[in-house]
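Asker: Below is a structure I'd like to ask you about.
The values are calculated or read from the model by the stated rules, or taken from the named source; none is laboratory data. Being a predicted model, the structure only gives us computed values, none of them experimental. Cβ coordinates were reconstructed from backbone atoms using ideal geometry, including for glycine residues, and neighbour counts include every protein chain displayed. Quick note on the areas: whole protein, heavy atoms, side chains included, nothing else; ligands and nucleic acids left out. Shrake-Rupley method; radii C 1.70, N 1.55, O 1.52, S 1.80 Å.
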Amino acid sequence: MLTTRPRGTSDILPGEVEKWQYVEECFRRLCREYGYAEIRTPIFEHTELFNRGVGDATDIVEKEMYTFRDRSDRSLSLRPEGTAAAARAYLESNLNAGPQPVKLFYTGPMFRYDRPQAGRYRQFHQVGVEVFGSPRPAVDAEVIAMAMDFCGRLGLKLELHLNSVGCPDCRPVLREKLTAYFRAHQNDLCADCLRRLASNPLRALDCKVPRCRELAKNAPTSLDCLCGSCAAHFQDVQKYLKALGIDYVVDRYLVRGLDYYTKTAFEMMAPGIGAQSSVGGGGRYDNLVETIGGPPTPGIGYAIGLERLLLAMQEQGSELPGRDRPDVFLASVDDTLESEALQLLQTLRQKGLAADKDYLGRSLKAQMKYAGKTGAPAVVILGKEELARGMIILKDMTTGAQKEVPAAELAEEIGKLRRKGSTS
RNA sequence: GUGGAUGUAGCUCAGUUGGUCAGAGCACCAGGUUGUGGCCCUGGGGGUCGUGGGUUCGAGUCCCAUCUUCCACCCCA
């Protein structure tokens, strides 16, 4: 156990981590362009926040939270998602007193105690955004467009599923209709759905059992019960998406698992990455802020799972960076030149070059071999005779050609090789 | 939480009906004579055969338990 990581977690090692950085950088740039500012919240919160914010009856709260008591007997939980904490911070720091809307983004690890499988881990990573303070459908459109833009920039083609789950005014209507409908067919329902019928009939809509699916096809859905304002809102969102040229399918069986969702719900699906095909999703949560004790405040957001995003990118053959390589590697013909080597290395680095050298006292041959493996486009070789003349050997690793360069011109010459290497 | 599969060197895998079975390729390291990589040749290091029990004269090979990973369900990112 000492040398094994906890179940469902992973080490992101060099070679892999560059891909993460690439995706995260892309997201940051995107957020900047869309006007979202970063917020960093704690990785754990009072358990109560999630109970209230995410919902007591959800699977997340019921059986997936990492909950513990600290030394002062407070019940704390590792965050299972990012929205509740963002809403809490919005209230706690009185961001609701400033200019509205407030547009935030976050990145970081989330934790859910669940059985791991492809695309599902106990510690996973999300990037996400939240907008507080605007009820207008144009915001819904922006948020969805942004999420799709992000995936598009990464070379991904995803299916956008769109639905409206209504508001507290239309929910009871749906619930009633749905319960009546399923009750009339309860002999055909699976055991799970019978249970759902009592707890949350909405969930029966996306049951995977074939027979239930058949039933669900004709069942009333939230779209059949939208109140006037929800229906208009949904129409507007679609109108704006069309104006933006964003393809989507209305998926009336799309039910988001978290209690706080209202009106717009959407999900981005990537077939081909296993059963967990949802790369990201989100929606409107006009009641969340109020639920956790704030003033009525509309909100909308989404979260994207980075593990799944990367899976989908690999599946679809998107370009991802490989391991970072130095600009230049420094080798010396023998270790009596160690001082000179260290000096030169520092000089190169201070000129902005990524430079490295051998630290095992290896032979020149072994140093060259190692240099080749680092992928450095240039190698600088310190030779005694050349050094005496103020010259340094510079080798172009892609052609194998080498020449002597005056020490003063070295950095510039390396720069040329670096540019050549990066464009080829 | 439920069901199924998996687990041999860093990686991909061989290992007959339990008795030289602890191996191969790749990777790693060092050499192939004087101060130079990518090909080739030679040699070397490295594994309590996931872990813990049990059966047996003897188990990587059989049994049980446990852990991991994978697949599906549940649910979600």
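Asker: Give me the percent of DSSP beta bridges within chain A that run antiparallel, rounded to the nearest 5. Provide the component values of the computation, followed by the final result.
Answerer: Numbers: 50 of 62 bridges.
Of those bridges, close to 80 percent are antiparallel.
Asker: Additional query: A:H161 accessible area, nearest 10 Å², 1.4 Å probe?
Answerer: Its accessible surface works out to 30 Å², give or take rounding.
Asker: Roughly what angle does helix A:306-315 make with the longest principal axis of chain A, taking Cα atoms, 0 to 90 degrees, to the nearest 10?
Answerer: 70 degrees
Asker: One quarter of the convex hull surface, Cα atoms only: what value does that give for chain A in nm²? Walk me through the intermediate numbers first.
Answerer: Values: hull surface 108.9 nm².
Mean projected area of the Cα convex hull: 27.2 nm².
Asker: Quick check: from the Cα gyration tensor, does region A:328-423 come out rounded (a/c under 1.5), prolate or oblate? Don't skip to the end; give the middle numbers.
Answerer: Details: a/c = 1.43, a/b = 1.17, b/c = 1.22.
Here region A:328-423 falls in the rounded category.
Asker: So what is the relative contact order for region A:1-113, in percent, with contacts set as C-alpha pairs under 8 Å and at least six apart? Each step should come with its number before you reach the end.
Answerer: On the way: 98 pairs, mean separation 34.0, N = 113.
30 percent.
Asker: Compute the accessible area per residue over chain A, keeping the other protein chains in place, probe 1.4 Å, unit Å².
Answerer: Working: 21380 Å² over 424 residues.
Using a 1.4 Å probe on heavy atoms only, each residue of chain A averages 50 Å².
Asker: Using a cut-off of 18 Å between alpha-carbon atoms, which lysines can reach A:K384, once sequence neighbours fewer than 8 places away in the same chain are excluded?
Answerer: Qualifying lysines at Cα under 18 Å: A:K357, A:K365, A:K395, A:K403.
Asker: In the Gaussian network model of chain A, springs joining C-alpha atoms below 10 Å, which of A:E18, A:E142, A:E385 carries the largest mean-square fluctuation?
Answerer: Top of the fluctuation ranking is A:E385.
Asker: Hey, another quick one. About the Cα centre of chain A, how large is the charge dipole given +1 on each Lys and Arg Cβ and -1 on each Asp and Glu Cβ? Please answer in debye to the nearest 20.
Answerer: Values: 57 positive and 55 negative charges, 138 e Å.
Dipole size: approximately 660 debye.
Asker: Related question: Using only Cα atoms, tell me the angle between helix A:338-350 and the longest principal axis of chain A; keep it within 0 to 90° and round to the nearest 10.
Answerer: The helix A:338-350 is inclined about 50 degrees to chain A.
Asker: What residues qualify as long-range amide H neighbours of A:D324, i.e. H under 5 Å apart, gap of 5 or more or another chain, H built at 1.01 Å from N?
Answerer: When sequence neighbours closer than 5 places are left aside, the close amide H contacts are A:G15.
Asker: Separate question: Once both labels are modelled 7 Å past Cα along the beta-carbon direction, what's the A:A407-A:Y34 spacing in nm?
Answerer: With each label point 7 Å from Cα toward Cβ, the separation is 5.3 nm.
Asker: Among the lysines, which fall within straight-line cross-link reach of A:K63, defined as a Cα-Cα distance under 22 Å, with same-chain neighbours fewer than 8 residues apart omitted?
Answerer: A:K208
Asker: I need the phi-derived Karplus couplings for region A:114-123: 6.51 cos²θ - 1.76 cosθ + 1.60, θ = phi - 60°, integer Hz, Gly and Pro marked x.
Answerer: 9, 6, x, 7, 3, x, 9, 9, 7, 10
Asker: To the nearest 10 square angstrom, what accessible area does A:K373 show with a 1.4 Å probe?
Answerer: Its accessible surface works out to 150 Å², give or take rounding.
Asker: How high is the FRET efficiency from A:S339 to A:Q314, r the C-beta distance, R0 41 Å, rounded to 0.05? Intermediate values should be presented prior to the final figure.
Answerer: Numbers: r = 46 Å, r/R0 = 1.12.
Efficiency for this residue pair is about 0.35.
Asker: Going by amide H atoms built from the backbone, whose H comes under 5 Å of the H on A:T262, apart from near neighbours?
Answerer: For A:T262, whose amide H was placed from the backbone, the distant partners under 5 Å are A:R284, A:Y285, A:D286.
Asker: Taking chain A as a Gaussian network, Cα atoms linked when under 10 Å apart, which of A:V102, A:V333, A:V165 shows the biggest mean-square fluctuation?
Answerer: A:V333
Asker: Further question: If you take every DSSP beta bridge whose two residues both sit in region A:328-423, what share of them, in percent to the nearest 5, is antiparallel?
Answerer: On the way: 9 of 17 bridges.
The antiparallel fraction comes to roughly 55 percent.
Asker: With θ set to phi - 60°, apply the Karplus curve 6.51 cos²θ - 1.76 cosθ + 1.60 along region A:49-66 and write out the HN-Hα couplings as whole Hz, x wherever there is a Gly or Pro.
Answerer: Running phi through 6.51 cos²θ - 1.76 cosθ + 1.60 with θ = phi - 60° gives 4, 6, 4, 7, x, 7, x, 4, 8, 6, 4, 4, 6, 5, 9, 10, 8, 8 Hz.
Asker: For a paramagnetic label modelled at 7 Å from the Cα of A:Y66 toward its Cβ, which residues of region A:77-97 fall within the zone defined by backbone nitrogen distances under 17 Å?
Answerer: Of the residues in region A:77-97, A:77-83, A:85 have backbone N under 17 Å from the label point off A:Y66.
Asker: Report relative contact order for chain A in percent, whole number only (criteria: Cα-Cα under 8 Å, sequence separation at least 6).
Answerer: Contact order relative to length: 15 percent.
Asker: Suppose the chain between A:T399 and A:E16 were pulled fully straight at 0.36 nm per residue; how much longer would it get relative to their current alpha carbon spacing? The partial results should precede the final answer.
Answerer: Values: separation 383, 0.36 × 383 = 137.88 nm, distance 2.82 nm.
Result: 135.1 nm gained on full extension.
Asker: Could you compute how much accessible surface A:K239 exposes when probed at 1.4 Å, giving the result in Å² to the nearest 10?
Answerer: Accessible area of A:K239: about 120 Å².
Asker: On C-alpha positions alone, give me the angle between the axis of helix A:364-374 and the longest principal axis of chain A, in degrees, nearest 10.
Answerer: The angle comes out near 20 degrees.
Asker: Okay, moving on. Give the long-range amide H neighbours of A:T297: residues separated by 5 or more places, or on another chain, with amide H under 5 Å away, using H modelled in the peptide plane at 1.01 Å from N.
Answerer: Counting only residues 5 or more places away or on other chains, the set is A:V289, A:E290.
Asker: For region A:279-284, in order, what is each residue's ³J(HN,Hα) by Karplus, 6.51 cos²θ - 1.76 cosθ + 1.60 with θ = phi - 60°, in whole Hz (x at glycine and Pro)?
Answerer: Residue by residue, region A:279-284 yields 7, x, x, x, x, 8 Hz.
Asker: I've got another one for you. From the helices alone, meaning DSSP H stretches of at least four residues, give me the mean residue ellipticity at 222 nm for chain A, per-run term -39500 (n - 2.57), in deg cm²/dmol to the nearest 500. Before the final figure, lay out each step's value.
Answerer: Numbers: 15 runs with 162 residues, N = 424.
About -11500 deg cm²/dmol.
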